[in-house]
Amino acid sequence: MSIKPLAFKMRPRTIDEILGQQHLVGEGKIIDRMVKAKQLSSMILYGPPGIGKTSIASAIAGSTQYRFKTLNAVTNNKKDIQIVVEEAKMSGKVILLLDEVHRLDKGKQDFLLPYLENGMITMIGATTSNPYHAINPAIRSRCQIFELKPLSTDEMKQAILRAIQDEERGLGTYKLDVSEEAVEHFASSSFGDVRSSLNALELAVLSTSPDAEGAIHITLPIAEECLQKKSFSHDKDGDAHYDVISAFQKSIRGSDANAALHYLGRLVEAGDLPSIARRLLVIAYEDIGLASPQAGPRTLAAVETAEKIGFPEARIPLANAVIELCLSPKSNSAISAIDSALSDIRKGKSGEVPPHLKDAHYQGAAELGRGIEYKYPHDHESGWVKQDYLPDRIKNAKYYQPKKTGKFEQAIGQVYENINKHR
C-alpha cells in the first residue's frame, strides 16, 4: 500500500480533471488558454489551504508535458534551486512549484530572477497570504496573480465520490458503503478544503473494520469522528483574519445584528479576544460616535468584563455590546471632522495662532501682545462670546458636519448651528 495520503494520490493529472476554479481553468479561461497555447507565464496562486494550488500546478505540468519540480521557499535552500536550474538547462524548460513563495529570501530570489526573466523556469508560486501584502515586488512583478476560491459543496461531493470510485489512485478497491449523510458531512464540514475532506475519508476507511462480508460501512457518526469539527480559515496574520474583521465592522455599521454575531462567533471560535476588543472600541467611536455617546463607555465596560472573565463566558458581554452597537443610531461625523482637519494641515492649510489665544502665563507676555484681547467666555451669562479662534488664513473653515441620526447629536448640532450663525 502506498504511504502517500489519498489527497496526494487524487491530485488531478491534467487541467480537465480539476474540480472548481473554473474562473481560471474553465474552457476559454486564462490558465486553460495558456496550457492549450503552450505559452505559460510564471504565476502566483493564492487562497486558503487545501483548495488546489498544488493540484493546479501539477495539472498544468501534466497538460504541457514539461518537467515539474516542487520546492518549498522555507525548507529548500539555494542549492536545491540551482539543481532545478541545471535541469532546466538540460531539458529546455522546467515548471517549478514553489510553495510558501511569500517566504522566499533575498538570496534565493536574486538567484532565481534571471531564469524567470529568460523563461527557462516557469514558476508557479503557492501561498495562503495575499501576494500584494506578502510577496516581494520584484517577484510579484514577474508573475500573473490568480486567486483561488474554496470549492463548493457540490464540487466537494464530486471529489469525494471520485476518490471512493477510483480503483487506480483512490479507494475503489475497497468494498465501501458510504452513506449519503457521511458524504454530505465530508463535503460540507471542511469549508472548501478538499484535502481535509479526503484525508478524513481515508482515515474513516482505514480505521473501520469490515463486516463479515468484507464491506466497510461509513456512517455519519464515523464521518463526524474522523472530521472532528467544522473548521474555518482564520489565521491571525493572514487574509482570512482581516476579511472577518472587515466583515464584522461593516455588519455593525450596516445594523445587521445577525451577520455581526456570526462574525463575532468566528472570532470567538478563534479565541481572538484582543482583535474583538480593539475593533469594538473603534466601532463605538467611529461608526456610532455622537449619535449615541454612551455606546463608547458601555462598550469599554463590556470589553473590560470580557478580558477579566475570559472565554467562554467572555462571549456574553461581547454579544451584548455587538447587539447594542448594531441597533444604535450611526454617526461618523467625528471621524470625518478630524480627518478633514488633518487633511488641511497636511496640505499646508494652517496659519499662526491668533495673538489673543497665545500663552500669556509668563512675564513679558503682554509686551509681546500675547493674550491681551482674549475674552473669557465664563464672564458672559451665556458662556459664549464672539471671537475668532482659528488662524486668519482658515478662519472660515468648517470641519464638523452634524448628523441627525441620534437625539444627542441633533441637540449639539443645533447648538453648533446657532454658534455659527452668531459668528
message: Restricting to the stretch 113-126, name every residue that is farther than 12 Å from Ser41 by Cα and either under 29 Å from the mean Cα position of the chain (by Cα) or assigned to a strand (DSSP E or B) (or both).
response: Leu113, Ala126
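Yes/no per residue for (1) of a type outside the set (Lys, Arg); (2) in a strand (DSSP E or B); (3) under 29 Å from the mean Cα position of the chain (by Cα):
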{"site": "Leu45", "(1), (2), (3)": "yes, yes, yes"}
{"site": "Ile51", "(1), (2), (3)": "yes, no, yes"}
{"site": "Thr54", "(1), (2), (3)": "yes, no, yes"}
{"site": "Gly62", "(1), (2), (3)": "yes, no, no"}
{"site": "Lys69", "(1), (2), (3)": "no, yes, no"}
{"site": "Glu87", "(1), (2), (3)": "yes, no, no"}
{"site": "Phe111", "(1), (2), (3)": "yes, no, no"}
query: Mind checking which pairs have a first residue in the stretch 296-320 that is open to solvent by less than 30 Å² (accessible area, probe 1.4 Å) and a second that is among the polar types (S, T, N, Q), Cβ under 7 Å, 6 or more apart or different chains?
result: Ala302/Asn320; Pro317/Thr305
task: Find all pairs meeting these conditions: Cβ atoms under 9 angstrom apart; at least six residues apart or on different chains; first residue within the stretch 1-27 and over 27 Å from Thr173 (Cβ atoms); second residue among the β-branched types (Val, Ile, Thr) and part of a loop (DSSP other than H, G, I, E, B).
output: Gln21/Ile51; Leu24/Ile18; Val25/Ile18
- prompt: Does the stretch 138-160 contain any residue that is surrounded by 17 or more Cβ atoms within 10 Å (Cβ to Cβ), within 30 Å of His217 (Cβ to Cβ), in contact (Cβ under 8 Å) with a residue 60 or more places away in the chain and of a type in the set (Lys, Arg)?
  reply: no
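Of these, Ala159, Ala138, which one is at pLDDT 90 or above, under 34 Å from the mean Cα position of the chain (by Cα) and not in a strand (DSSP E or B)?
Result: Ala159 is the single residue among Ala159, Ala138 that is at pLDDT 90 or above, under 34 Å from the mean Cα position of the chain (by Cα) and not in a strand (DSSP E or B).
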- line: Checking Gln82, Gln39 in turn, the sole residue that is open to solvent by 20 Å² or more (accessible area, probe 1.4 Å) and without any contact (Cβ under 8 Å) to a residue 12 or more places away in the chain turns out to be Gln39
message: Is it the case, given these coordinates, that Ala187 is surrounded by 17 or more Cβ atoms within 10 Å (Cβ to Cβ) and in contact (Cβ under 8 Å) with a residue 40 or more places away in the chain?
response: no
field: Enumeration of residues in the stretch 203-255 that are modelled with pLDDT under 95 and of a type in the set (D, E, K, R)
entry: Asp211, Glu213, Glu224, Glu225, Lys229, Lys230, Asp235, Lys236, Asp237, Asp239, Asp243
- request: Please list, ordered by first then second residue, the pairs with beta carbon atoms under 8 Å, 6 or more apart or interchain, first in the stretch 334-358 and on the phi > 0 side of the Ramachandran plot, second of a type outside the set (A, V, I, L, M, F, W, C) and modelled with pLDDT under 90.
  value: Gly351/Asp392; Gly351/Arg393
- prompt: Could you say whether any residue in the stretch 344-361 is open to solvent by less than 20 Å² (accessible area, probe 1.4 Å) and of a type in the set (Asp, Glu)?
  reply: no
query: Restricting the search to the stretch 106-144, which residues are of a type in the set (A, V, I, L, M, F, W, C) and touching a Phe, Trp or Tyr at 6+ places or on another chain (Cβ under 7 Å)?
result: Ile121
Among the candidates Ile338, Ile288, residue that is closer than 25 Å to Asn418 by Cα, modelled with pLDDT of 90 or more and open to solvent by 50 Å² or more (accessible area, probe 1.4 Å): Ile338
field: Filter result (touching a Gly at 6+ places or on another chain (Cβ under 9 Å), closer than 22 Å to Ala240 by Cα and not small (Gly, Ala, Ser)) within the stretch 99-139
entry: Asp99, Glu100, Val101, His102, Leu104, Thr127, Thr128, Asn130, Pro131, Ile135
Hits in the stretch 372-391 - residues which are assigned to a helix (DSSP H, G or I) and surrounded by 10 or more Cβ atoms within 10 Å (Cβ to Cβ): Pro377
task: Please work out which one of (1) surrounded by 19 or more Cβ atoms within 10 Å (Cβ to Cβ); (2) free of Cβ contacts under 8 Å to residues at least 12 places away in the same chain is the condition Pro114 fails and give its number.
output: (1)
message: Looking at the structure I just gave you, is Ile412 closer than 30 Å to Ser251 by Cβ, of a type in the set (A, V, I, L, M) and touching a residue at least 12 places away in the same chain (Cβ under 8 Å)?
response: yes
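The values are calculated or read from the model by the stated rules, or taken from the named source; none is laboratory data. This structure is a prediction, so every number in the text was calculated from the model and none was measured. Every residue, glycine among them, receives a Cβ derived from its backbone with ideal geometry; neighbour counts consider all protein chains shown. Ligands, DNA and RNA are excluded from the accessible area calculation, which covers all protein heavy atoms including side chains. Shrake-Rupley method; radii C 1.70, N 1.55, O 1.52, S 1.80 Å.
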